[in-house]
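> Let me begin by handing over the structure; questions about it come next.
The values are calculated or read from the model by the stated rules, or taken from the named source; none is laboratory data. Just so we're clear, the structure is a prediction, and the values are computed from it rather than from any experiment. All Cβ positions, glycine included, derive from the backbone under ideal geometry; neighbour counts span all protein chains shown. With ligands, DNA and RNA removed, areas are computed over all heavy atoms of the protein, side chains included. Shrake-Rupley method; radii C 1.70, N 1.55, O 1.52, S 1.80 Å.
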Amino acid sequence: EAKRNGRNRYEYFTLEMDVQARTRRCMENDLREAITENQMRLYYQPITNSDQQAIIGYEALMRWHHPSKGLIMPGDFIPLAEETGLIHSLGAWALYEACREAKNWAGGQAVSVNLSPIQFKNSALVSVVEDALRGSGLEPWRLEVEITESVLLDDTLGNIHILQSLKALGVLIALDDFGTGYSSLSYLRSFPFDKIKIDRSFINDMSDSREALAIIRAITGMSRSLDIQITAEGVENREQFDKLKEEGCTLFQGYFFGRPQPSELRLTML
Ligand code: C2E
Ligand code: MG
Ligand code: MG
Ligand code: MG
């Protein structure tokens, strides 16, 4: 009896794994066609300065308008794109599209584009960025790329050198999701970042966690001496905004100001 149960369980798992593998292959095939079928969109979320007077830029966030599944969020397709290498073409598309759209913004605001650590494995990354700037005519200082700490964790591929080349183009470099993962303040010495974005988990926990607030303080304190701008991510209410201003954050992003929207619907004034 025990043996039979064991076997059934085994069969159940293999069947489930098979379904998962097929779903994945299906998604992968769909994703392969998503760009050429014009299903990818960039949504833009405003980033404001501390006066709350002006939107100084937008973060470009990818959305997949799947023909039968509807709107798919990046958390549900970026990992697959990274595993399959499709992130290289998706990432290049995002850079071109963001630069092209930003070039048309009357306010001349900046645009931030997320780069996956996998994109650093392509030696052509710098020329992809260069082509996006040249093709769109966007001024390099209006483009910012967001990377995560994992890019700095292993420098065997010369990621720091790639970052230096990007900076040499005039592009700004931001360290995203700071405080998560292997986070170490010593990373900030390995490259002269223009901005640090504090991960939204700290902003979310700030009001009832002394640890979260202590980390925010450590980051803002250090940024003052290093002369780096700090962006607070995931600001959802006035209370958080006021507190973060008090702690020395200079840039803000979150639902309190505006949600990500297509370029033509994006918030242009607060
Ligand atoms: P991220 O770069 O940290 O982007 C910020 C995420 O926080 C976005 O989620 C945004 O919609 C969400 N967010 C902003 N304000 C708030 C808030 O007040 N409350 C809450 N709860 N959430 C807020 P989204 O658009 O789902 O993107 C998730 C992640 O997917 C991004 O995190 C980024 O790592 C990745 N991603 C998005 N677009 C791209 C892309 O074009 N390329 C790459 N490589 N990754 C991307
Ligand atoms: Mg980001
Ligand atoms: Mg991120
Ligand atoms: Mg982030």
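> Using a 10 Å cut-off on Cβ atoms, rank the peptides 235-245, 15-25 from the highest mean neighbour count down.
On the way: 235-245: 16.5, 15-25: 10.3.
In descending order of packing, they fall as 235-245, 15-25.
> By accessible area of protein heavy atoms, probe 1.4 Å, what ranking do ASP155, ASP30, ASP176 get, highest first?
Working: ASP155 70, ASP30 40, ASP176 10 Å².
The most accessible residue leads, giving ASP155, ASP30, ASP176.
> Taking the chain, how many lysine pairs are there with alpha carbons less than 20 Å apart, if each pair must be eight or more places apart or span two chains? Each step should come with its number before you reach the end.
Details: LYS103/LYS167; LYS121/LYS167; LYS167/LYS195; LYS167/LYS197; LYS195/LYS243; LYS195/LYS245; LYS197/LYS243; LYS197/LYS245.
Lysine pair count for the chain: 8.
> Below 9 angstrom from the Cβ of THR180, what's the summed charge of the other residues (Lys, Arg +1; Asp, Glu -1)?
On the way: positive: none; negative: GLU149, ASP177, ASP199.
The answer is -3.
> Next question, about the same structure. Quick check for you: with a 1.4 Å probe and neighbouring chains kept, what is the accessible area per residue of the chain, in Å²? Provide the component values of the computation, followed by the final result.
Working: 14200 Å² over 270 residues.
Result: 53 Å² of accessible area for each residue.
> Can you order the peptides 258-265, 95-102 by their average number of other Cβ atoms within 10 Å per residue, highest first?
Working: 258-265: 14.5, 95-102: 22.5.
The packing order, highest mean first, is 95-102, 258-265.
> Run the helix sum for the chain: -39,500 (n - 2.57) per DSSP H stretch of 4+ residues, divided by residue count, reported at 222 nm to the nearest 500 deg cm²/dmol.
Details: 10 runs with 120 residues, N = 270.
After summing the helix terms and dividing by the residues of the chain, the value is -14000 deg cm²/dmol.
> While we're on this one: With Cβ to Cβ distances under 10 Å as the rule, what net charge do the other residues near GLY248 carry (K, R +1; D, E -1)?
Numbers: positive: ARG217, ARG224, LYS245; negative: GLU246, GLU247.
Neighbourhood net charge equals +1.
> On the accessible surface of the range 108-158, probed at 1.4 Å, how many percent belong to carbon and sulfur atoms?
Working: 1130 of 2080 Å².
The value for the range 108-158 is 54 percent carbon and sulfur by accessible area.
> The range 111-187 to the range 23-42: how many Å between their Cα centroids?
Between the Cα centres of the range 111-187 and the range 23-42 lies a distance of 25 Å.
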